[in-house]
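In what follows, a structure is listed as structure tokens, so that the remarks can point back to it.
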Amino acid sequence: MNDSPYIFEATIDNFQEKVMDASATTPVLVDVWADWCAPCKQLMPILEKLANEYQGGFLLAKVNADEQQQLTASLGVRSLPTIVLVKDGQAVDGFNSALPEGEVRKILEKHVEKPEESEDPYEAAHRLWEEGDLEGALAMFTELNQQNPDDMKVLIDVAQLKAELGDLDTAQQVLDSLPPEEKLQPKAKQLIARLNFLRQAGELPPVKDLEMAVEQDPKDPDALYQLSIQYALHDRNAEAMDLLIRLMQVDPEYRDGVAKKTLVELFEKLGNANPDVRTYRRKLYTMMH
């Protein structure tokens, strides 16, 4: 017995209501078959698969020819299988053989709307993130993590969203729980760098104040460094890297060489494919050699 909500057994008693009347709103594919009919058995799995795939785009009504002889006769069936597509109470198409799946699809496509493809949950969560709905994205990623705790990609996304929402401790706990090899993956490295920038940002003056300080004294190492962190957090990455290069020129030993360390963290945060990373990696190499 098939438990699909899109498939049912049609009889002489329910045919008017479940097929003819129902076809006014939803096309109904009537499959007249028999247990002894080999082509029927070959075709039926294809029809059932398509009914479930279309998710209610059409209904599949199965008529057992041996058990429903009166209904079969009233439908004018002369051979098995007989397939009739009913729409608005009228037979609009049909066939009388075990067609391949592709041919059945072509017939359905002429009369039945294709189901909308559901969005991949992971992609949907990232779309919410990009649209600024961090809470909604976090809820979806959390659910995905519960469904598959071993998916490190999702776990890192959870940690990153926690960090963006200000929960740095939880983000760090997630990072600490990662296997050593996962901490070496680009996404984990990017998150580690992001956490470092976020921690420092909480203690920094506003961007405008720092920009004014750098304008007044272009060689002020504190202002150069602090402004680079603020720029990095606001995704003004090229400007941040430029300030760090300037800081290395002004005072390469500032805070035990923090400019170089921060520059490398920015490289990891953005990834090697980023054009700004390639530009400033070359500048760093030139300075070092």
Identify, among HIS234, PRO275, LEU224, the residue whose Cα sits farthest towards the positive end of the charge dipole of region 207-288, taking +1 on the Cβ of Lys and Arg and -1 on the Cβ of Asp and Glu, with the dipole about the Cα centre.
PRO275
If you take the charge dipole of the chain about its Cα centre, with +1 on Lys and Arg Cβ and -1 on Asp and Glu Cβ, which of GLY202, SER4, ALA65 is farthest toward its positive end?
GLY202
Using Cα atoms only, what is the angle between the long axis of helix 258-270 and the major principal axis of the chain, expressed in degrees (0 to 90) to the nearest 10?
10 degrees
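Give the residue list of GluC sites (Glu not before Pro) in region 122-158 that are DSSP loop and have at most 14 other beta-carbon atoms within 10 angstrom. The partial results should precede the final answer.
On the way: sites: GLU123, GLU130, GLU131, GLU135, GLU143; in loops: GLU131.
Answer by residue number: GLU131.
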Helix 207-216 versus the longest principal axis of the chain: what is the Cα-based angle in degrees, 0 to 90, to the nearest 10?
30 degrees
Charges at C-beta only: +1 for Lys and Arg, -1 for Asp and Glu. How large is the resulting dipole of the chain about its Cα centre, in Debye rounded to 20?
1080 debye
Collect residues whose amide H, placed 1.01 Å from N in the peptide plane, falls under 5 Å from the amide H of VAL30; neighbours closer than 5 in sequence don't count.
ALA61, VAL84, LEU85, VAL86
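Based only on other Cβ atoms within 10 Å, what is the fewest-to-most ordering of THR142, THR286?
THR286, THR142
Taking the Cβ of each residue in HIS111, HIS234 as the centre, tally the other Cβ atoms inside 10 Å and list the residues starting with the fewest. Let's see the in-between values first.
Numbers: HIS111 15, HIS234 12.
Starting with the residue having the fewest Cβ neighbours, the order is HIS234, HIS111.
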With unit charges on the beta carbon (Lys/Arg positive, Asp/Glu negative), name the residue among TYR122, PRO186, PHE141 whose Cα is farthest towards the positive pole of the charge dipole of region 121-201.
PRO186
Sort region 207-288 into rounded, prolate or oblate with this rule: let a ≥ b ≥ c be the square roots of the eigenvalues of the Cα gyration tensor; rounded if a/c is under 1.5, and if a/c is not under 1.5, prolate when a/b is larger than b/c, oblate otherwise.
oblate
Mind scanning LYS189/LYS219; LYS18/LYS49; LYS18/LYS41; LYS162/LYS269; LYS49/LYS153 and naming the pairs with a C-alpha gap bigger than 25 Å?
LYS189/LYS219; LYS49/LYS153
For region 184-200, what does the Karplus curve 6.51 cos²θ - 1.76 cosθ + 1.60, with θ = phi - 60°, yield as ³J(HN,Hα) per residue in whole Hz, taken in order and with x for Gly and Pro?
8, 6, x, 5, 5, 4, 4, 5, 4, 5, 4, 4, 4, 5, 5, 4, 6
Quick one: Karplus J couplings for region 95-104, per residue in order, coefficients 6.51, -1.76, 1.60, θ = phi - 60°, nearest Hz, x for Gly and Pro?
7, 10, 8, 7, 6, x, 4, x, 6, 5
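Which of GLU265, GLU17, GLU103 has the fewest other C-beta atoms within 10 Å, and how do the rest follow up to the most? Show your work: numbers first, answer last.
Numbers: GLU265 20, GLU17 9, GLU103 13.
Fewest to most other Cβ atoms nearby, the residues stand as GLU17, GLU103, GLU265.
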Neighbour-limited loop hits for trypsin sites (Lys or Arg not before Pro), region 215-289 (at most 12 other Cβ within 10 Å; DSSP other than H, G, I, E, B):
LYS219
Restricting the count to DSSP beta bridges whose residues both fall in region 1-156, what percent are antiparallel, rounded to a multiple of 5?
55 percent
Where does region 179-242 land on the Kirkwood hydrodynamic radius, alpha-carbon pairs, in angstrom?
12.7 Å
Whole angstrom only: what separates the Cα centroid of region 160-225 from the Cα centroid of region 75-117?
60 Å
Reachable aspartates and glutamates, given that their alpha-carbon falls under 15 Å from the alpha-carbon of LYS87 and they are not under 8 places away in the same chain
GLU17, ASP21, ASP31, GLU109, GLU113
Relative to the longest principal axis of the C-alpha atoms of the chain, give the angle of the C-alpha long axis of helix 134-147, reported between 0 and 90° and rounded to the nearest 10°.
60 degrees
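At 222 nm, what helix-only mean residue ellipticity would the chain give, in deg cm²/dmol to the nearest 500, using -39500 (n - 2.57) for each DSSP H run of four or more?
On the way: 14 runs with 164 residues, N = 289.
Only helices count here, giving -17500 deg cm²/dmol.
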In a GNM of the chain with a 10 Å cut-off on Cα contacts, which of ASP157, ASP133, ASP93 has the highest mean-square fluctuation?
ASP93
Under 20 Å Cα to Cα from LYS260, which aspartates and glutamates show up? Leave out anything in the same chain fewer than 8 places away.
ASP220, ASP222, ASP235, GLU239, ASP242, ASP251, GLU268, ASP276
Most fluctuating residue given options ALA61, ALA201, ALA139, as computed from a GNM of the chain linking Cα atoms under 10 Å:
ALA61
Length added when fully stretched, THR142-GLN16, from 0.36 nm per residue minus Cα-Cα:
40.6 nm
Taking the chain as the region of interest, what is the percent of Cα-Cα pairs per 5 angstrom bin, listed from the shortest bin to the one with the maximum distance?
1, 5, 10, 11, 10, 8, 6, 5, 5, 5, 5, 6, 6, 5, 5, 3, 3, 1, 1, 0
Taking R0 as 45 Å, what's the FRET efficiency between GLN173 and LYS283 from their Cβ-Cβ distance, rounded to 0.05?
0.80
If you plug each phi of region 17-32 into the Karplus form 6.51 cos²θ - 1.76 cosθ + 1.60 with θ = phi - 60°, what whole-Hz ³J(HN,Hα) values come out, in order, with x for Gly and Pro?
6, 8, 10, 5, 5, 5, 5, 5, 10, 9, x, 10, 9, 8, 10, 8
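Where a number appears in this text, it was derived from the coordinates with a stated rule and is not lab data. Here the structure is a predicted model, which is why all the values come from computation and not from measurement. Please note: Cβ atoms are built from the backbone with ideal geometry, for glycine as well, and neighbour counts cover all protein chains shown.
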